[in-house]
Structures are given as structure tokens and as C-alpha cells.
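Okay, so here's the structure we're looking at.
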Amino acid sequence: MGKLYDELSKDIEIKHSMYACMDCGTCTALCAAAEFYDYSPREVMDIVQSRDDEKIKELISSNKIWYCGQCLSCKQRCPRGNNPGGVILALRRLSEKTGLFAESEKGRQQLIAKRLFGDNMLKRGYTLLATNPIPSHFPELGEDWEYYHEHIKEMREWWGVPMDLENSPGCHRMVPEKDMEELRAIYKATGAVDLMNKVEEGMAKKLGGKEEVEKFWQSYQDNVDSRLYKIKEKK
Amino acid sequence: MANVTIIGGGVAGMAAAGVLTKRGHEVTLMERDSKLGGHVGKWYKVFPDITDASEIVDELKGDLNGVKIKTNADVKEIEKSGKKFKVNGTSADAVLIAAGFEPFDATLKEEYGYGIYDNVVTSLELDEMLKTGKLKTKDGKTPKSVGLVHCVGSRDEKVNNNYCSRVCCTNVIKSGIEIKEHYPGTDVFCFYMDVRAYGRGYEELYRKSQEECGVTFIRSRLSEANENADKTLLLRVEDTLAGKPMKINVDLLVLMVGMCPSVNAGSLKNSIGLETGDDRFFKTKNKHSANNESNIPGVFYAGATTGPKSIVESITDGRAAAAEIHSYLS
Ligand code: SF4
Ligand code: SF4
Ligand code: SF4
């Protein structure tokens, strides 16, 4: 037992998700992530259950905790009532709080998630806006998507789901400011805003300053590949 | 002479009846089925010595001279007035509940496909197949591979059965040996979490199944079964010793169903205020020193009615209960 484990065990998600695991592998057997990655929910449970800070540190510094797709099939099947997917959520939070997320490539993608979904939420009240999937990031969507992207305002009006109006039908309306305030208050009270800030801070620490974070962000915008930005080794 | 009524004509009830009648009591043995023997009476071979189950039942029957046997007597409640009891109209000075167990209803584990896929059967159906010498898939072929699944309906919060049914591990081992002996060309895969072969001769049987018969044990718990187009079954497990998720095909899948309390346990309990544990089996007065007594003087328990037991344990428990009843009545 150590500091990391103590911190982790305070997470409400751990309290709801982690009972004694009997290492049966029911979860790993049907986990879609385990089928494609070097990932196993049973292994995650095993590490957390060991309460070994060294192992927990290694886990939350690695790509592994980011492979889970949160499908919660594991929760449906676990004969001990565990929820490995919930444990993963707590581990992700701990990884962000401690800045260790920035040690792994999948972890660093949290910056992209934060700036896209996180900032969208706080600004507009949506995780994803219709304008976000830009054609250069999704070449597989083809010419139709390019056309739509260019004529989005006009086309949505044809369909009766106009953009950016209050009280209009469809999923691109403006959420009234008083509701936005409420939403931001929830994000603040539940600690989500703190976590988002931690992501920015953790990235700056790992990459060597805020300007480097912007370069990482720009590199991703240009290439849609978080691996291409090269981290400078600290001397 | 005192009257004792025994509810349940399985091995525990029969064993108790044999002792009590020898001690001079008037014993009435009530069995819901049309004949004595309970579950054991229907089975083929039993562990650890792969003996005929019918031999055990016949031996116990031999001790029943003088016992009043009532078959087709389903007992749902007990009446009590003062120190006397009435069971289906028969008065008694003491009652022994030896109501046994029900096999777990495998349809509740929907992900295993029992009742949905053609070639998923329970351990009871496997026993029947071995008894009649017809180990076959639905389309009549001898299976080239059989999967035996441990802990179906046991050690599983999802079906509200947290307990271990205790005998199914050794039943897997015994079944594996039987399959290999009669069908040497058939592969047998057992999906286990722990092998709980706790009784005398059980571990030796486990070893035999591996060393002499080549039964394969894969440390895992079945996550789900899916039917292939050819009606074989695709199983998803993790080999937890190798730490790798795997898929494996078998021709026949056997679910080793656990034990659940008798369907009458609830109504018997409510009729005179007996107690059950979290596992819904009857609760004894003391788990160590009064394991045949109930919370009501004059009502006793024997066999799997107080939790999963092997045959030998049920017989021993029945006789222990008989000794307790004899002391109570003298
Ligand atoms: S929630 Fe995550 S760990 Fe659980 S089955 Fe889905 S992908 Fe696997
Ligand atoms: S299914 Fe539950 S008990 Fe089994 S390994 Fe996964 S978390 Fe542990
Ligand atoms: S005896 Fe074995 S198969 Fe049966 S419930 Fe216990 S561990 Fe599972």
C-alpha cells in the first residue's frame, strides 16, 4: 500500500467498481480491447488489487489504461460484481491528476480530447460540433463530406435544423446562457474542469512549456497523428 | 414409541430413516417423486470410485424395513401445535427436513446458450447420455470435442448464488474420465477457476484424469458461447495462466450445474417460521456443534437442504440427524 493506491481508493468509481477479483478472466475473454491490444481488464484488476504503488505507477504511465472503450461488457459479466471499466475510469483520473498520462503516447492524446470535447462542452454544451470533423482529418468521408462541410449552414437550413440559433430544432442549437452556466458549475463542482487544467499543465511539464504544447497541438491538426511531434529529451 | 416424519426420500432421508427405525421409532418417509432415491436414484456412476449410483440407493433401501413410505407426497408446509407437528395430515413428534436441492436452471445463464443452441447440455443430460451409452450431438454424431464448464450457477453474483456447490469439480473430473474411457478419440476440455477436489480419493481422481486419461484443464471461466453455422460452439475464455484471451471450438458443451435450495424450502420455512441463510438454504442452530438442529425444537435438517453436499456427506448427515432426533425423543 502506498500513496497512489490511497489516492485511487478515494475515487468513488473505485468504491463502486472494485470488490475482490478472483482472477477468472471472464472480463478479458470478451473485452473487445483485449482482442486487439496488449490489454487485459483482469490484469488491471490484479494490479489494483495488489495495492502495489510501483505497479500502479507503471500502469497509469502506460498506454494500457487508454485502450478500454468503456463498453462495460466486463461489468455485465463479472461473477464478483466488479466493474473493470469503472476501475479504468478511476485510473485515468489518477493518471491525469498526477501528470503521468503525459508519459504515454495514448495518454498524451488526452490533450486532443480535452481541447476538442472538453472545450466544446464548456463553450457550447456539446461534445462534438457538426463543424469539427474537417475533411482533411477524415479523407475517407470523401467529396460529399467536403461539400457538406463547405455548405453546412445552408444545407442545415434546407433540412430545418439550422445552426447556432436558440430554441431551434436539431442538435446544433445554442444552449441558453443560463443553462450553460449551470453546466459549467457542474463541471467545476465534479472536478472535471480541474482535470482538464491538469491535462494542459501535465502536457506543458512533459513537453517543456506551453509553446511546445501548442506545437504538439498544431502537429496533430496538420497530420492527425499524435506520434509525429518529437518530444525533446530532457538534459 | 414416537412418530418421526422425514420430508424427502433421497439418500439423506433414507439414511436417517434406516437408523431411526432400528432405534424403534415409527418413521414416515415422504417423497415427492414416485420412487425413493432422490437425485442419486437417477444418476449413473458416482465418484470417487465410479460406482453405480443405484447400488447406493439399494443399500439404503435395505434398511427401511418397518418404515412407512409415502411416495408422490410433495410436502409444502408443516403444521405445529404445542410440541406436536402435522405433515400432510400425519402427526409427528419430530420432523426431519431432508428436502435436498434443485439443479441450477441453466437457462438463467443466457450467455451460455442452454435451451437456445442445439449442442449445449447440462451435467444431468451428460449423465443420461453416458448411462444410455449415447454420447451424441443433436445430429447424432459422436462429439470429437467436449467442453465441461465448471461453476455454472455457482460462485456467481449475477445469479445470486455466491456459494460453491462443492461436488461439481469432482463431477467434472469423473465425467472427463468416463468420456475418455468410452470415447478415447474425443478431446475433453475443462474450464475451471480452482479445482476443489476436497474429499478422500478426489485429488487422486483429478490426477488420474490428467495423467492416464489426458483430460485438459484450462484455467478460465467461460464468458460466452456462440453457435457456429455447423452447430459447433465457439467458446470465449481467457487462459488466465497464459494471460491470453482465446477462442476454442467444441462439438458439445456441458454445463456443470450447481445446487440450489429445494423449491419447497421457502414455503416450509414460512409455514412454521424456520430460518434460512443468505444462500437460501436452511440455517442450522450452530454451524459446528448443532448442524442438524433448526431454530424450532423438534425440527431437524439433513443433507443438501442445509447446503450443497456430496453423497457420502448427505448419508453421514442423515445418520447424524437421526442420532440427534433419537436423543431429543428419549
Ligand atoms: S469496459 Fe473496457 S475493459 Fe471492460 S470490456 Fe469494455 S473495453 Fe474491456
Ligand atoms: S470477471 Fe471479475 S472476478 Fe473475473 S477477472 Fe474480471 S474483474 Fe476479476
Ligand atoms: S465445486 Fe468446483 S465447479 Fe462446483 S461450484 Fe465449486 S469450484 Fe465451481
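Output the residues belonging to the stretch A:36-45 that are part of a helix (DSSP H, G or I) and either buried (at least 16 other Cβ atoms within 10 Å of the Cβ) or within 9 Å of ligand 1 (Cβ to nearest atom) (or both).
Of the residues in the stretch A:36-45, the ones part of a helix (DSSP H, G or I) are A:36, A:41-45.
Scanning the stretch A:36-45 gives A:Pro41, A:Arg42, A:Glu43, A:Val44, A:Met45.
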Practice problem: State whether one or more residues within the stretch B:156-171 are closer than 30 Å to B:Glu26 by Cβ and either touching a residue at least 24 places away in the same chain (Cβ under 8 Å) or of a type outside the set (A, V, I, L, M) (or both). | Solution: no
Quiz item: If we scan the stretch B:19-33, do we find a residue that is open to solvent by 10 Å² or more (accessible area, probe 1.4 Å) and closer than 13 Å to B:Ile315 by Cα?
Solution: yes
Quiz item: Across the stretch A:1-34, which residue is nearest to ligand 1 (Cβ to nearest atom) among those that are assigned to a helix (DSSP H, G or I), away from chain B (no Cβ under 11 Å) and under 20 Å from A:Ser73 (Cβ atoms)?
Solution: A:Ser17
Quiz item: So which residues in the stretch A:202-235 are crowded, with 16+ Cβ neighbours inside 10 Å and in contact (Cβ under 8 Å) with a residue 60 or more places away in the chain, if there are any at all?
Solution: A:Gly202, A:Met203, A:Lys206, A:Leu207, A:Val213, A:Phe216, A:Trp217, A:Tyr220, A:Ser226
Self-check item: Single condition B:Val149 does not satisfy, out of (1) outside any loop (DSSP other than H, G, I, E, B); (2) open to solvent by less than 10 Å² (accessible area, probe 1.4 Å); (3) among the hydrophobic types (A, V, I, L, M, F, W, C); (4) away from chain A (no Cβ under 14 Å)
Solution: (4)
Quiz item: Under the condition of being more than 12 Å from chain A (Cβ to nearest Cβ) and touching a Lys or Arg at 6+ places or on another chain (Cβ under 9 Å), which residue from the stretch B:233-256 is surrounded by the most Cβ atoms within 10 Å (Cβ to Cβ)?
Solution: B:Leu255
Exercise. Working only within the stretch B:30-76, note down all residues that are part of a loop (DSSP other than H, G, I, E, B) and among the small types (Gly, Ala, Ser).
Key: B:Ser34, B:Gly37, B:Gly38, B:Gly62, B:Gly66, B:Ala73
Practice problem: Read through the list (1) free of Cβ contacts under 8 Å to residues at least 40 places away in the same chain; (2) open to solvent by 30 Å² or more (accessible area, probe 1.4 Å); (3) within 22 Å of A:Ala192 (Cα to Cα); (4) in a helix (DSSP H, G or I), then give the number of the only condition that A:Glu58 fails. | Solution: (3)
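Within the stretch B:160-181, restricting attention to residues that are part of a loop (DSSP other than H, G, I, E, B) and within 14 Å of chain A (Cβ to nearest Cβ), which residue is farthest from ligand 3 (Cβ to nearest atom)?
Filtering the stretch B:160-181 down to residues part of a loop (DSSP other than H, G, I, E, B) leaves B:160, B:162-167.
Adding the requirement that they be within 14 Å of chain A (Cβ to nearest Cβ) leaves B:160, B:162-165.
On the way: B:Asn160: 14, B:Asn162: 10, B:Tyr163: 8, B:Cys164: 3, B:Ser165: 4 Å.
Only one residue fits best here, namely B:Asn160.
Determine whether B:Glu224 is acidic (Asp, Glu) and either within 14 Å of chain A (Cβ to nearest Cβ) or within 21 Å of the chain's Cα centre (by Cα) (or both).
Yes; evaluated as a whole, the condition is true for this residue.
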Practice problem: Being surrounded by 13 or more Cβ atoms within 10 Å (Cβ to Cβ) and either touching a Gly at 6+ places or on another chain (Cβ under 6 Å) or of a type in the set (S, T, N, Q) (or both) is the filter here, so list the residues in the stretch A:133-179 that pass it. | Solution: A:Val161, A:Ser168, A:Val175
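The values are calculated or read from the model by the stated rules, or taken from the named source; none is laboratory data. In this text the structure is predicted, and so the values were computed from the model without any measurement. All Cβ positions, glycine included, derive from the backbone under ideal geometry; neighbour counts span all protein chains shown. Heads up: the accessible areas ignore ligands, DNA and RNA and are worked out on the full protein's heavy atoms, side chains in. Shrake-Rupley method; radii C 1.70, N 1.55, O 1.52, S 1.80 Å.
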